[in-house]
Amino acid sequence: MRRFLEKLLLIVATHVRAMLLHPMDVGAVAIVEQAGRIVLVRHSYKSGWMFPGGAVERGEPPASAVIRELQEEIGLTQSAPPQLLGAFVRRRLWATNLILLYRVRDAVFVFKPNWEIRELRLADPAKSPSGTAPAVRRRLRELLGEVSQDTNW
């Protein structure tokens, strides 16, 4: 438990520092598809079902970042190349996040719960599970053509 709290504190401190020094962060997340289902994850430090992904490091190509994050978070071993679906803005206090959403098809992964990602669920994109984050629901509705794309996350 102590090790988990130390890692969590490090994540929080890193994000606070980034917000103060660089008020705009870039993230890359993915709609990961496997056999007609999509991957949703539950983080240890956030509530709700979300798309896997994370921060794009300085100088890192976003498409490489999303694959790296998928390898770290869900154990991605193989997939089709990521396809960029859109760029979205999320504002929190004085910080702005630019979130790049990718579609990753034909995913093969070996998921093991870890300190960051506690659960993984394969879901029907038309019927997201209870507790799915509102932005994730919106992105899925856009993917299915039910609504037009909004630039806000």
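The values are calculated or read from the model by the stated rules, or taken from the named source; none is laboratory data. All figures in this text were calculated on a predicted structure; none of them were measured in a lab. Here Cβ is always computed from backbone atoms with ideal geometry, including for glycine, and neighbour counts include all displayed protein chains. Surface areas here come from the heavy atoms of the whole protein model, side chains and all, with no ligands, DNA or RNA. Shrake-Rupley method; radii C 1.70, N 1.55, O 1.52, S 1.80 Å.
Yes or no: region 12-22 includes at least one residue that is out of contact with any strand residue (DSSP E or B) (no Cβ under 7 Å at 6 or more places or on another chain) and at pLDDT 95 or above.
First, pick out the residues of region 12-22 that are out of contact with any strand residue (DSSP E or B) (no Cβ under 7 Å at 6 or more places or on another chain): 12-17, 20-22.
Filter again for at pLDDT 95 or above, leaving none.
No, region 12-22 has no match at all.
Is it true that some residue in region 139-150 is touching a strand residue (DSSP E or B) at 6+ places or on another chain (Cβ under 6 Å), over 30 Å from R2 (Cβ atoms) and hydrophobic (A, V, I, L, M, F, W, C)?
For region 139-150, residues touching a strand residue (DSSP E or B) at 6+ places or on another chain (Cβ under 6 Å), over 30 Å from R2 (Cβ atoms) and hydrophobic (A, V, I, L, M, F, W, C): absent.
Quick test of your reading of the structure: K46 fulfils all but one of (1) open to solvent by 50 Å² or more (accessible area, probe 1.4 Å); (2) touching a helix residue (DSSP H, G or I) at 6+ places or on another chain (Cβ under 9 Å); (3) within 16 Å of A133 (Cα to Cα). Name the failing condition by number.
(2)
So, in region 49-88, how many residues would count as being without any contact (Cβ under 8 Å) to a residue 24 or more places away in the chain, open to solvent by 70 Å² or more (accessible area, probe 1.4 Å) and more than 21 Å from E119 (Cβ to Cβ)?
So the count comes out to 7.
Does region 125-134 contain any residue that is surrounded by 12 or more Cβ atoms within 10 Å (Cβ to Cβ) and assigned to a strand (DSSP E or B)?
Checking region 125-134: at least one residue is surrounded by 12 or more Cβ atoms within 10 Å (Cβ to Cβ) and assigned to a strand (DSSP E or B).
Scan region 136-153 for residues that are touching a residue at least 60 places away in the same chain (Cβ under 8 Å) and either acidic (D, E) or open to solvent by less than 80 Å² (accessible area, probe 1.4 Å) (or both) and jot them down.
V136, R139, L140, L143, D150, N152, W153 - these are the residues of region 136-153 that are touching a residue at least 60 places away in the same chain (Cβ under 8 Å) and either acidic (D, E) or open to solvent by less than 80 Å² (accessible area, probe 1.4 Å) (or both).
Write out, first by first residue and then by second, each pair whose Cβ atoms fall under 6 Å of each other, whose residues are 6+ apart or on separate chains, and whose first residue, in region 1-29, is surrounded by 10 or more Cβ atoms within 10 Å (Cβ to Cβ) while the second is modelled with pLDDT under 65.
The qualifying pairs are D25/A18.
Evaluate the following for P61: is it closer than 20 Å to Q34 by Cα and out of contact with any Pro (no Cβ under 7 Å at 6 or more places or on another chain)?
No; evaluated as a whole, the condition is false for this residue.
Given the conditions (1) under 14 Å from the mean Cα position of the chain (by Cα); (2) open to solvent by 40 Å² or more (accessible area, probe 1.4 Å), which single one is not true for V104?
Failed condition: (2).
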